[in-house]
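Everything on this sheet refers to the single structure shown next.
The values are calculated or read from the model by the stated rules, or taken from the named source; none is laboratory data. This one's a predicted model, so the numbers in the text were calculated from it and none came from an experiment. Counting neighbours? That spans all protein chains shown, and the Cβs are built from the backbone with ideal geometry, glycine included.
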Amino acid sequence: MSSKIEVPRPRSIDRSKLSYVRLHAPEVREAPKPLMIDRSSAAYSSAQPSVLEKNVHSPVTPGAVHFPLFKVTPSLQKAADKRIAQYPDDQRRSAVLPLLHEVQHRHGFISPESIEWVAKKLDIAAIKVVEVVTFYPGFRQKAPGKLHFRVCRTLSCAMGGSYELMAKLCELTGIDRDLADAHKDPISVSPCGNYSVEYAECLASCGTAPVCLVNDDFHEGVTPEKAEGLIAQYES
Amino acid sequence: MSDITYLPGKEPHEKEHRLIFKNVDRKGWNTKIKTYLKEGGYEMAKKALKMEPQEVINEVKASGLRGRGGAGFPTGIKWGFIPPNNTKPVYLICNADESEPGTFKDRYILHQDPHQLIEGMVISAYAVGAHVAYIYIREEFPEAAITLEKAIADAKKNGFLGKDIQGSGFDLEIYVHRGAAAYICGEETGLIESLEGKRPYPRIKPPYFPAAIGLYMAPTIVNNVESLCHVVHILRMGGEEYVKLGTPRNSGTRIVCVSGDVKNPGFFEIEVGKVTFEELLYDMCGGPRDGRKLKAVIPGGSSSKILRCNETFKIGRGEDAKEMTFWQLPLDFDTLAAAGSMAGSGGVIVMDDTRRMSWVLNNITHFYAHESCGQCTPCREGSTWMKKVSDRIEDGKATPNDVQVLEDIAYQIDGKTVCAFGEASAWPVEAMIDKFRDELVGETSDENDTRSAERVAQEQFLSAVQ
């Protein structure tokens, strides 16, 4: 490959005749520093959108009025410490579920603030708490009603009439379940905020179908006709 | 034990043999430790603590006890899988995440007889050398969690838990860990992940048993509630005596839970293999409701393959092979496996001739689509596709080809996932199509639109533009 490529020579430029005037001495550039981000600095964490902001949505429901806003109380701290003590010292992460249960029991649902608290308490990243909250159907991300009905949807209860029970409960409490989605948004709250309904998957009492949980109370043999009595039981 | 009386209407059937459920629905029975001690409670724990751990394991091996959680694996052999040169702490976990549709046996043990479980756990923990044990209880049992914590505190006060139990030098702490309504936590490695505070994605096998690597990467034994309770009775009776209950290779008693379309659904503790479907469904459960006929039965929780009531099976090999009708099948692990299904967790769901199979199938596919953990693609996507196709069939909007599509999807999940959930979701669909193909195809029509709603909208839009 000996053939030379003819390259046109550039015309020489008389730089003194150029129209611009250099006002400053040529800038001396420093070598770029390696990119070091101090992730623990307050400036960094306030500038970055939190994992909670991006991934946790807690829409306000009419039921929210029945639950106190998340606040770290001495009783919550005490309960949390008791749960954490159940696991080996180097396995504090195991206490994620128990702590979230403590929070949900007191405040109705898991809010971003409570996730942050649990993460701090266990000394883990917030995303590790978020992944748990978003996976388990047992953790709610929005406030249910004062009375939360969990109707069993699975085969034996469905044969016993749990679909009809759900329809009846919705009719009696004025709940619109049209927008409910088993995965994304299972809970429907009544406009008054007193009631909410959700389908549960097998509550393990198939012999006494249909069954439902009202808050933490278990009721068996709740045929659609008994729905009115069930609600009345909690009214007084 | 003839002085035991039960609540009116809750008396056990004469064909029952009550060991585990001796105190369930019993008159004057409660969850207090005093009541349990009066009946000779914790005597077996004391006896076990005087034995060598290996002796206890041998006793359980001799009993032939098979796990009552679903897979039916021999409990004593599972205990033997702990590596002999192990230096890490050993954990015992009680799997109280009872969530297989159709099963409701653990509920009664946990709510009415928690001390029996704790005694069984003390013995089992001693046998496998665990000093920390967890009870993983499902979130839907809030009352049981409170009852159990109370029972554990009482047992500790009475010296059956804590440091130096009954002067034997053996320490054990039991803690209650509540799940959060996820079916997959019943899978033992998923349960362990959940106990570690993560998403319950089942672990990749091997190791096939967490006895090698389990909780916190240490050897872990996971047993079902019922299996752990059986250990108490094995020690009381002796393994040799216990094995005489039931039939060979299917020893002991087991609790069968019947639900669905029978007159008297409920739980029955029977000797394994001593009761046939005819006895169970007609004598014990009172047969079908008036004017109806039984059509199909799911024999071991919704994951097991459905059986038609008018089927006949060829059971056994070679010369021992014999024809059996569905009604003659005994309820044991091996016969049901030979009939192409499984004894599973003992949840018998009965359907009569008023049930549309497409509706039943649809309910089951919705369950599995909701509960798939999403770790493996075939199961995550497949369970949702099965739900969508079965929605169409149930709505009467399907074409005959949809039944074939559904079957194809099921066979592409089966055996291609990390855990047994893949089979659990595919088997019911495969069996349902296999046994009720004509009925399902009968609900479809060639004239139905095969286009999706999106495509119809798109075509309408395009035609309007032109």
Please work out which residue is farthest from A:Ile187 (Cα to Cα), limiting yourself to the stretch A:116-140 and to residues that are touching a helix residue (DSSP H, G or I) at 6+ places or on another chain (Cβ under 7 Å) and in contact (Cβ under 8 Å) with a residue 60 or more places away in the chain. A:Ala125
Would you be able to say whether some residue in the stretch B:70-90 is aliphatic (A, V, I, L, M) and in a strand (DSSP E or B)? yes
Close pairs (6 angstrom Cβ cut-off, 6 or more residues apart or separate chains): without any contact (Cβ under 8 Å) to a residue 24 or more places away in the chain in the stretch B:227-240, surrounded by fewer than 19 Cβ atoms within 10 Å (Cβ to Cβ) and of a type in the set (Phe, Trp, Tyr) anywhere: none
State whether one or more residues within the stretch A:189-196 are under 20 Å from the mean Cα position of the chain (by Cα), not in a strand (DSSP E or B) and not β-branched (Val, Ile, Thr). no
B:Glu149, sole failed condition from (1) away from every other protein chain (no Cβ under 11 Å); (2) touching a strand residue (DSSP E or B) at 6+ places or on another chain (Cβ under 9 Å): (1)
Please count how many residues of the stretch B:343-368 are within 19 Å of the chain's Cα centre (by Cα), assigned to a helix (DSSP H, G or I) and aliphatic (A, V, I, L, M). 1
Single residue of the stretch B:275-306 satisfying the filter (crowded, with 21+ Cβ neighbours inside 10 Å and more than 14 Å from every other protein chain (Cβ to nearest Cβ)) that is nearest to the chain's Cα centre (by Cα): B:Lys305
Name every residue in the stretch A:183-236 that is at positive phi and either β-branched (Val, Ile, Thr) or surrounded by fewer than 18 Cβ atoms within 10 Å (Cβ to Cβ) (or both), in order of residue number. A:Gly193, A:Asn215, A:Gly221
Residue match in the stretch B:391-401 (condition: assigned to a helix (DSSP H, G or I) and within 22 Å of the chain's Cα centre (by Cα)): no
Would you confirm, using the coordinates I've provided, whether B:Ser383 is away from chain A (no Cβ under 12 Å), of a type in the set (Gly, Ala, Ser) and assigned to a helix (DSSP H, G or I)? no
Return the only residue of B:Ala321, B:Ala337, B:Ala296 being at pLDDT below 95, under 21 Å from B:Pro428 (Cα atoms) and not assigned by TED's automatic domain parsing to the domain that holds B:Val389. B:Ala337
Exactly one of (1) away from chain B (no Cβ under 11 Å); (2) assigned to a helix (DSSP H, G or I); (3) touching a Pro at 6+ places or on another chain (Cβ under 7 Å) is unmet by A:Gly207. Its number? (1)
B:Glu140 meets each of (1) buried (at least 19 other Cβ atoms within 10 Å of the Cβ); (2) away from chain A (no Cβ under 11 Å); (3) modelled with pLDDT under 95 with one exception, condition (2)
Output the residues belonging to the stretch B:340-381 that are free of Cβ contacts under 8 Å to residues at least 60 places away in the same chain and either touching a strand residue (DSSP E or B) at 6+ places or on another chain (Cβ under 7 Å) or among the hydrophobic types (A, V, I, L, M, F, W, C) (or both). B:Trp359, B:Ala369, B:Cys376, B:Cys379
I'd like to check something: does the stretch A:153-162 contain any residue that is surrounded by 21 or more Cβ atoms within 10 Å (Cβ to Cβ), more than 9 Å from chain B (Cβ to nearest Cβ) and within 26 Å of B:Ser425 (Cβ to Cβ)? yes
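Matching residues to (1) within 26 Å of B:Leu191 (Cβ to Cβ); (2) more than 14 Å from chain B (Cβ to nearest Cβ); (3) at pLDDT 95 or above:
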residue: A:Thr134; (1), (2), (3): yes, no, no
residue: A:Cys192; (1), (2), (3): no, yes, no
residue: A:Asp216; (1), (2), (3): yes, no, no
residue: A:Glu220; (1), (2), (3): no, no, no
residue: A:Ala232; (1), (2), (3): no, yes, no
Residue check for B:Met342: within 18 Å of B:Gly415 (Cβ to Cβ), away from chain A (no Cβ under 11 Å) and of a type outside the set (Gly, Ala, Ser): yes
B:Ala424 passes all but one of (1) surrounded by 22 or more Cβ atoms within 10 Å (Cβ to Cβ); (2) at pLDDT below 95; (3) touching a helix residue (DSSP H, G or I) at 6+ places or on another chain (Cβ under 6 Å); which number fails? (3)
Lone unmet requirement of (1) within 11 Å of chain A (Cβ to nearest Cβ); (2) at pLDDT below 95 for B:Trp359: (2)
Do we have B:Tyr108 as within 14 Å of another protein chain (Cβ to nearest Cβ), part of a strand (DSSP E or B), buried (at least 16 other Cβ atoms within 10 Å of the Cβ) and aromatic (Phe, Trp, Tyr) here? no
Testing A:Ala143 on (1) part of a helix (DSSP H, G or I); (2) under 30 Å from A:Ser94 (Cβ atoms), one condition comes back false. Which one is that? (1)
Which of the following residues is more than 24 Å from B:Ala338 (Cβ to Cβ) and in a helix (DSSP H, G or I): B:Glu226, B:Glu193? B:Glu193
Matching residues in the stretch B:5-35 (farther than 23 Å from B:Gly239 by Cα and surrounded by 15 or more Cβ atoms within 10 Å (Cβ to Cβ)) number 10
Can you find a residue in the stretch A:92-115 that is of a type in the set (A, V, I, L, M) and surrounded by fewer than 22 Cβ atoms within 10 Å (Cβ to Cβ)? no
Considering every residue within the stretch B:67-81, establish whether at least one is over 22 Å from B:Gly238 (Cα atoms), of a type in the set (Lys, Arg), modelled with pLDDT under 95 and surrounded by 24 or more Cβ atoms within 10 Å (Cβ to Cβ). no
Residues of the stretch B:229-268 that turn out to be in a strand (DSSP E or B), away from chain A (no Cβ under 13 Å) and surrounded by 22 or more Cβ atoms within 10 Å (Cβ to Cβ), as a count: 5
